[in-house]
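Let me begin by presenting the structure, written as structure tokens, before commenting on it.
Each value in this text was obtained by applying a stated rule to the coordinates, not by laboratory testing. Remember, predicted model here, so these are calculated numbers, not experimental data. Using ideal geometry, Cβ is built from the backbone for each residue, glycine included, and neighbour counts are taken over all protein chains shown.
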Amino acid sequence: MKEPLHLLVFTDLDGTLLDHDTYSWEAAGPAMDMCRELHIPIIIVSSKTRAEIDILRRKMDLSDPFVSENGGGIFFPVSSGDHTPPPDARLEGDLWRWSLGAEYPYLVQALREIRLELGWEIRGFSDMKVDEIIALTGLGPYEARLAAEREYDEPFEIVRPLNPDLSVLRVAAAQRKLSVVSGGRFFHLMGNCDKGVAVRKLIYWYRGLSGRRILTIALGDSENDLPMLKVADCPVFVRSRHQVPSPVKGLERIRVTDEPGPAGWNRTVLEILKNSGI
Ligand SMILES: [Mg+2]
């Protein structure tokens with residue numbers, strides 16, 4: 001008899017499960033319902049904050065663990081059942097928190113130093129009023145406030161120079177044991193964690209729970225998703241309306257969705273589930 005499989009779905013939010021412009025996940029509804037029916041966890045792995053994801057995952061009726069701020073923290077809802085969280089996790093309210101990334105005050109300080117050192121005009125979330133975050137993201141006032149509750153990752157934009165040499169920026173970050181990644185809307189300054197490290201830790205945790213062979217699907221649309229896609233058995237690049245994906249080394253077997261955002265998510269996840277024989 002074939003060993004039973006335990007499927008896990010890891011997914012980015014913006015431009016992947018959520019529409020880039022409307023932030024709706026409705027088009028992914030059928031595939032999400034099927035995952036719920038088959039008890040397949042949908043694990044959100046996003047550059048968004050804990051505060052933002054916690055509200056979204058409740059609206060989506062998900063009680064699975066989630067990863068915030070590009071792999072900075074993993075959170076386990078207490079309501080997910082009697083699963084034992086990892087020993088390093090701390091209980092905060094109704095979430096267990098497992099920190100992997102650098103702490104926020106250090107990131108804010110480092111971004112200030114880098115700005116001075118390079119002489120660039122850089123604006124981080126910590127420099128912005130909520131109104132500015134609203135204007136840049138299209139989020140409502142409440143959502144923008146949640147987006148500003150940073151713990152492990154400082155999003156920023158480079159105002160000047162117009163065509164910055166990113167290698168210089170990356171060196172300045174590396175000198176502070178930090179890294180810079182580019183997301184859909186912003187650059188992100190963070191510790192040396194990424195979505196791939198967090199996903200690997202979660203796969204290991206699930207393996208300990210179920211003892212079954214794990215098959216992983218991961219879906220993303222940006223550079224910061226690549227470490228997560230490289231870890232997955234079935235990596236999926238979700239097409240964007242705004243850019244055409246270019247081939248990535250180590251990801252030659254990646255699927256690219258025909259449609260952008262949640263519609264592409266839906267069709268591809270349904271196809272993979274059908275072909276997995278579950
Ligand atoms: Mg994205």
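Once divided by 2.2 N^0.38 Å, the Cα radius of gyration of the range 174-232 becomes 1.31.
Computed from the alpha carbon positions, the gyration tensor of the range 17-147 leads to an equivalent ellipsoid with semi-axes of 30, 21, 12 Å, biggest first.
Summarising the amide proton neighbourhood of H6: residues at separation of 5 or more, or on other chains, whose placed amide H is nearer than 5 Å comprise R213, I214, L215.
For I214 and K177, a Förster radius of 25 Å and the Cβ-Cβ distance give a FRET efficiency of 0.20, rounded to the nearest 0.05.
Here the Karplus relation 6.51 cos²θ - 1.76 cosθ + 1.60, evaluated at θ = phi - 60°, turns the backbone of the range 225-239 into coupling constants of 8, 4, x, 5, 5, 5, 7, 7, 6, 10, x, 10, 9, 8, 4 Hz, with x for every Gly and Pro. Here K201 is the anchor, and the lysines within straight C-alpha reach of less than 17 Å, apart from those fewer than 8 places off in the same chain, are K230.
Think of it as helices only: each DSSP H run of n ≥ 4 in the chain is worth -39500 (n - 2.57), and spread over all residues that comes to -10500 deg cm²/dmol at 222 nm.
Let me check against my output: what whole-number percent is the relative contact order of the chain, with C-alpha pairs under 8 Å and at least 6 apart? Please report the intermediate quantities before stating the final value.
Details: 496 pairs, mean separation 67.1, N = 278.
Answer for the chain is 24 percent.
In the chain, taking the dipole from charged Cβ atoms about the Cα centre, the farthest positive-side position among A198, P260, F186 is held by A198.
When you count, for each residue, the other Cβ atoms within 10 Å and take the mean per peptide, how do 225-234, 171-180, 95-104 rank with the highest first?
Details: 225-234: 22.0, 171-180: 16.2, 95-104: 19.7.
Top of the packing list down: 225-234, 95-104, 171-180.
When peptides 207-216, 115-124 are ranked by their average number of other Cβ atoms within 10 Å per residue, the highest-first order is 115-124, 207-216.
With kT/(6 pi eta Rh) evaluated at 10 °C and eta = 1.306 mPa s, and Rh the Kirkwood radius from Cα pairs, the range 104-190 diffuses with a coefficient of 120 µm²/s according to Stokes-Einstein.
Computed from backbone phi with θ = phi - 60° and the Karplus coefficients 6.51, -1.76 and 1.60, the 3J(HN,Hα) list for the range 147-163 is 5, 7, 7, 7, 10, 9, 7, 9, x, 8, 10, 9, 7, 9, x, 6, 10 Hz; x is used for glycine and proline.
Quick check for me: using +1 on Lys/Arg Cβ and -1 on Asp/Glu Cβ, what's the dipole size of the chain about its Cα centre, in debye to the nearest 20?
Working: 34 positive and 40 negative charges, 158 e Å.
Computed charge dipole of the chain: roughly 760 debye.
For L8, neighbours were defined as the other residues whose beta-carbon sits under 13 Å from its Cβ, and their charges (Lys and Arg +1, Asp and Glu -1) total +3.
Placing a label point 7 Å from the Cα of E117 along the Cα-to-Cβ direction, the residues of the range 146-179 with a backbone N closer than 19 Å are 153-161, 164-179.
Relative to the current alpha-carbon distance between D233 and S63, full extension at 0.36 nm per residue lengthens the span by 58.9 nm. The C-alpha atoms of the chain occupy a region whose extents along the principal axes are 64, 41, 36 Å, arranged from largest to smallest. Exposure proxy for L5, L107: other Cβ atoms within 10 Å of each Cβ, ordered fewest to most, give L5, L107.
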